[in-house]
Structures are given as structure tokens and as C-alpha cells.
1. Take residues that are more than 27 Å from residue 405 (Cα to Cα) and in contact with a Ser or Thr (Cβ under 8 Å, 6 or more places away or on another chain) and tell me which of the helices (runs of 4 or more DSSP H) falling wholly in the stretch 258-362 contain 2 or more.
2. What number of residues within the stretch 125-153 satisfy the criterion of being more than 30 Å from residue 35 (Cα to Cα) and under 49 Å from the mean Cα position of the chain (by Cα)?
3. If residue 33 meets every condition in (1) part of a strand (DSSP E or B); (2) open to solvent by less than 70 Å² (accessible area, probe 1.4 Å) apart from one, which number is that one?
4. Scan 250, 302 and give me the residue that is at pLDDT 80 or above, of a type outside the set (Val, Ile, Thr) and either within 24 Å of residue 321 (Cα to Cα) or surrounded by fewer than 13 Cβ atoms within 10 Å (Cβ to Cβ) (or both).
5. So, in the stretch 311-332, how many residues would count as being within 14 Å of residue 296 (Cα to Cα) and small (Gly, Ala, Ser)?
6. Looking at the stretch 143-153, which of its residues are open to solvent by less than 80 Å² (accessible area, probe 1.4 Å) and of a type in the set (Val, Ile, Thr)?
7. If you check every pair at least six apart or on different chains, which have Cβ atoms under 8 Å apart with a residue in the stretch 92-104 that is within 17 Å of residue 47 (Cβ to Cβ) first and a residue that is among the charged types (D, E, K, R) and in a loop (DSSP other than H, G, I, E, B) second?
8. Just the residues that are farther than 13 Å from residue 73 by Cα, at pLDDT below 85 and assigned to a strand (DSSP E or B), please, taken from the stretch 91-116.
Amino acid sequence: MKGNIQEKAYNLLYFSRIENEEWFKQLTVKNLDNQWLQVDTDLEQHNISLIRKLISFNDYQTEIGYLRISIRLEELFQSLNSIRVGEHSIVQVRDKTTSNILYQVNTSGEEKINESYLTVKQDIPGTRYGLEILVSDQYFLKDAQDIRNVTLTVCIASFLIMLFIGILVARLSNRKMKKIISYVRSLRSGEFRKRILISGHDEFAQIAVAFNQTASNIDHLIQTVYLQKINVKEAELEALQAQISPHFLYNTLSSINSLANMGETDKVSAMVTGLAKFYRLTLNDGRIMIPLVNELEQVKSYIEIQKIKYANRFDTYIEVEPELLECEVIKLILQPFVENALKYAWHVDRLTVKIVGRRVGDHIFISVIDNGIGIHRDRIREINSNQPMISSCGISNVNDRIKLRYGGDYGVKVSSFYGGGTTVLLILPYEQPKTGIKDIRKMRGEEA
């Protein structure tokens, strides 16, 4: 741009037009991205540009160009003209790397050379620029003596009054406060039948009434509602969990029968061995929670069975952070999604299924990813709506079990691009592992 910006416009340039420009070389050498800079003729034209890389949507990594958005400094910083701090104050934007002033507003129209200023600085996030406000010392010293005297008088009077009120209130309320604290401590220790007896209509009497009502409600909830809900929740959890195992058993027995009819005795033996291992891990001595390493072993057993069925036409990869292997999770939350991938995702000669586990803060994110046919957008919206669906029983089953166990903040999310694969994300809370490290060593040995 050789002239001032007069209207909105855009230009599409090949790299050959700018690759030899000094400012573009500096961008590539320093690998700058998403930066506000004065490049090319910006300094002469009083402009500033936002430089940002353009990334290919094919792999979200390949750089295919740069986007430059230029705007006049007066338009970008016109809001600074409305700042009025005092006489002879100055508002300016400064480049922190070069200390050059990018833009300046003098509220008085002139700057006194010998006048001293108080400077307030604030960095502009995401840029190398900072906002500075220079306020004349004379502005603060004006009427300072009167303000100091009034402030000192008010502070002393307020302190004396507050001291008197504080001593009075402390003496009047100390006895009642100690009594309330003792009953609160009793409530913390589990004694819900004690009641506070304080007469009067002041705040302490209201606290006593509220305390008594709260204690009564807690005692009632524990004795009647809470215990009942726990029992119902555990029953629902076990019922939901029991839906998956028969479904897998029927399919596997059908495959074993087919192999037996064809005389594939070796494959029948391997399939029965895998099925026994799968159900040994599934039973888990009747416990609902199992270490994640055992859940992955269960998935491996399922995959071994399916590789016999599909004649090794698919690949599987498991990448889980070692610190998560000991964490306990609900059993049978991964196998249904691997089964769905093998059942519905085929559209290529060789299918790939990948399981990735990561910890982010207090959450565990486990993804089951495939490169299959994918799912239509409307279907994804229907699945993520958490409405019961007969055709997606496995997804609903796992989602319901997670929510019943951990609450509504956790569950299953499905994302997909039709023709480009599907990702199922399981969101679980991170809980401190309780098991030893034997299973982890075993897992690492088998992966190696």
C-alpha cells in the first residue's frame, strides 16, 4: 500500500510478490504468528497490521500463506481520545521492544517539557505493545493539603467510633457466638439431633432457628431419602452394566459356531480362550470398578477375538499415560465403542482403531478414534442429545453408567466427519489410584 487507506479492500498475492521483502523475511525468521506489527509502508502511512499464518484444513499443520489485515492507527485507537485523567495528561501506546511511541493523545493539546508525570502502564494482551497514561504531578498536588486534613480527621473519628462499637458488640455477642460454634462443631461430627436454644429477635436467634431447621432436614434426608437414593442408584448402575455382556456373548458364540462348522479348530480354541479371559476380567469378583489397565486388557481380549473373526483386517493402537493405568474406572466402558467401530465404520480395506488416554487437571479424557465412514451430522446431534435410542444402545449404556456414577458433568461425547472417521470422547474424574504397580509393569511389558 502506497497511499492512505480510503475504503475496505483486499488483495491476494503469491509468495513471490513478498518473499524478498525485508519485513516478510523477519516474519519467517522469527516464526511470528498472530502479531500486531508495523510492516512494509505501515510506519509511513500511520497504519498497523495484524499478521497471521494460514493453516491448511487438510491436516491443520501445513502453512499455506499469511493473512495481513491493515488498519489506520487513528481508527484502532480512537477510543483513547475519550480518556480524560486531568490537565496536561498524556495517553500513549508504546512498543515495548523498541520503546518507540506508536500512538499518542495529549489531552491538553500541549506538553510541558519541565513538568513531571506519574506514569501508569498496562500491557496490551497478545501484543508487544503497552498502554501508558502520564498524569501531571500538579493534578495530584492540587488541594492535596485540604484533602489530607479531611481524610485524617475522618479516619481518626471512624476508628474511634468503630473501636467503641466493636468492643460493645464483642461483649454482647461473645457468649452467644461461643454457644453457636459449639453446636456447629457437634453438627460437623455427625450429631444432628442437638438444637440451639437462644431467645430474642436478633441475628443470633435467626441463626439458631436456621441451624435447627438445617440439622432437622439433614437428619431427615440421611434417614429416609439419601440412603434410598444410593440403593436405587447402585441398582440402576448394575442393571445398565448387565446389558452389554449378553450382547457380546451372543455375537461371539455365533462366530464360534460358524468357525466350528467350517472346521477351524485352532481359531475356535483361540476364540474360546479370549472369551474366557474377557469374562474373567468382566466379572471382576462382582466389583463395578476396575483399574484402567484391566479395562484395557479386557479390550485387548475383545480385539483378539475380533481379529480372528475379521481375519486381521484392522489395526489397533493404545496410547494411555502411565499415571492413569492404576486409576479405577467403571468396567466395560471402552469395548462397546471398539465394537461399534468394527461393526459400522468399515468403508476402507483396512480399518484403524486407536485408544488415547490423557489427564487434564482433575479430568481423564479417553478417546476411541477410527478412520471409518463416519456419522452424519444429524445423527451426531441425536446421539449427543442424551435421548434414549434403540440403535445406539451401547453409547447410551456407557453414558448413563458414567453419569449415574459421577454426575452430570461427566459422560460421553461423539464427534464425527462423514467420510473422515469418528471420535468418541469419554470424560471421567481423575481419582488417586488405589492399586499397586504390578498391572502397570505387566501392561508395559506386553506393549513392548
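The values are calculated or read from the model by the stated rules, or taken from the named source; none is laboratory data. In this text, all values refer to a predicted model and were calculated from it rather than measured experimentally. For neighbour counting, all protein chains shown are included, and Cβ atoms are generated from backbone atoms with ideal geometry for every residue, glycine included. Protein only, heavy atoms only, side chains kept; ligands, DNA and RNA dropped before computing areas. Shrake-Rupley method; radii C 1.70, N 1.55, O 1.52, S 1.80 Å.
1. Numbers: elements: 265-283, 292-309, 335-344.
It comes to 265-283, 292-309.
2. Of the stretch 125-153, the ones more than 30 Å from residue 35 (Cα to Cα) are 136-153.
Subset that is under 49 Å from the mean Cα position of the chain (by Cα): 136-137, 139-140, 151.
Number of matching residues: 5.
3. Only one criterion is unmet by residue 33, namely (1).
4. Working: 250 fails: at pLDDT 80 or above.
After ruling out the rest, the residue left standing is 302.
5. Within the stretch 311-332, residues that are within 14 Å of residue 296 (Cα to Cα) and small (Gly, Ala, Ser) number 0.
6. As a first pass, look at the stretch 143-153 and keep what is open to solvent by less than 80 Å² (accessible area, probe 1.4 Å): 144, 149, 151.
Correct list: 151 only.
7. Cβ pairs passing all conditions: 95/128.
8. 106
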